[in-house]
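The values are calculated or read from the model by the stated rules, or taken from the named source; none is laboratory data. Everything quoted here is computed from the prediction, not taken from an experiment. With ideal geometry, Cβ positions are generated from the backbone for all residues, glycine too; neighbour counts draw on all protein chains shown.
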Amino acid sequence: MEQTEVVVPKTLDELIAILRKIFESDSINVEEVQQIMESYESNPEEWMKFAKFDQYRYTRNLVDQGNGKFNLMILCWGEGHGSSIHDHTDSHCFMKLLQGQLKETLFEWPDKKGEMVQKSQRILLENKVAYINDSIGLHRVENGSHTEGAVSLHLYSPRSRPARPSTRGRATQTPSR
């Protein structure tokens, strides 16, 4: 039985090159992408040029457009910053923590008039990768620290369109541009 060799990216540029190769195919293997992203060891010297913080909200900073098949972004979370509860508009979302800690809270898709029901909550630690798509549910991501920022690397495929927050218990979609 032939065993496939796992390529471990030593730099952010190598990670991008490997991801571009993986996404040449029309179908992706979620576990493979997650494994490759997790195998990259965070090196602030490589990604700091993409890390732009804002004192009032988290920021999304484009790193690579991924052959038109994905977006790779650095998200910067100031102290206490968080997202709204949101979906991923029919996209895969991989989130790797590069620095700090983030809390991810998962929610069930709500009924028409129902309240949001929390499924789970976890703390994402440095170099770990989380994954979500619309079949898993909705989520909120937040930096619970009031003394340290956090930085995460996100891959959205197909390329991300801005997710809209859930409104009155109903998810909304942003039209394609």
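For S152, the test of being at pLDDT below 95, of a type in the set (G, A, S) and out of contact with any Asp or Glu (no Cβ under 6 Å at 6 or more places or on another chain) is failed. Go through the residues of the stretch 14-35 one by one and say whether even a single one is under 14 Å from the mean Cα position of the chain (by Cα) and surrounded by 15 or more Cβ atoms within 10 Å (Cβ to Cβ). Taking every residue of the stretch 14-35 in turn, at least one turns out to be under 14 Å from the mean Cα position of the chain (by Cα) and surrounded by 15 or more Cβ atoms within 10 Å (Cβ to Cβ). So is K119 surrounded by fewer than 19 Cβ atoms within 10 Å (Cβ to Cβ), under 17 Å from L153 (Cβ atoms) and either without any contact (Cβ under 8 Å) to a residue 40 or more places away in the chain or touching a His at 6+ places or on another chain (Cβ under 6 Å) (or both) or not? So K119 does not fit the description; no. Restricting to the stretch 11-67, name every residue that is farther than 14 Å from S152 by Cβ, among the acidic types (D, E) and in contact with a strand residue (DSSP E or B) (Cβ under 8 Å, 6 or more places away or on another chain). Across the stretch 11-67, the qualifying residues are D54, D64.
So, Y131, is that one of a type in the set (F, W, Y), touching a residue at least 60 places away in the same chain (Cβ under 8 Å) and buried (at least 17 other Cβ atoms within 10 Å of the Cβ) or not? Considered against the rule, which asks whether it is of a type in the set (F, W, Y), touching a residue at least 60 places away in the same chain (Cβ under 8 Å) and buried (at least 17 other Cβ atoms within 10 Å of the Cβ), Y131 comes out as no. The residues of the stretch 105-149 that are assigned to a loop (DSSP other than H, G, I, E, B) and of a type in the set (S, T, Y), listed by number, are S135, S145, T147. Looking at S120, S145, S176, S157, just one residue is under 23 Å from Q65 (Cα atoms) and modelled with pLDDT of 90 or more, and that residue is S157.
W47: over 23 Å from T11 (Cβ atoms), among the aromatic types (F, W, Y) and crowded, with 17+ Cβ neighbours inside 10 Å, yes or no? Considered against the rule, which asks whether it is over 23 Å from T11 (Cβ atoms), among the aromatic types (F, W, Y) and crowded, with 17+ Cβ neighbours inside 10 Å, W47 comes out as no. Of the residues making up the stretch 38-83, those that are without any contact (Cβ under 8 Å) to a residue 60 or more places away in the chain, outside any loop (DSSP other than H, G, I, E, B) and among the acidic types (D, E) are E45, E46, D64. Within the stretch 96-113, the set of residues being touching a residue at least 60 places away in the same chain (Cβ under 8 Å) and under 28 Å from F23 (Cβ atoms) comprises just one member, W109.
For the stretch 51-67, taking the residues that are in contact with a helix residue (DSSP H, G or I) (Cβ under 9 Å, 6 or more places away or on another chain) and surrounded by 14 or more Cβ atoms within 10 Å (Cβ to Cβ), the one that is modelled with the lowest pLDDT is identified as G66. Can F70 be described as touching a helix residue (DSSP H, G or I) at 6+ places or on another chain (Cβ under 9 Å) and either among the small types (G, A, S) or surrounded by 15 or more Cβ atoms within 10 Å (Cβ to Cβ) (or both)? Spelling it out, F70 is indeed touching a helix residue (DSSP H, G or I) at 6+ places or on another chain (Cβ under 9 Å) and either among the small types (G, A, S) or surrounded by 15 or more Cβ atoms within 10 Å (Cβ to Cβ) (or both).
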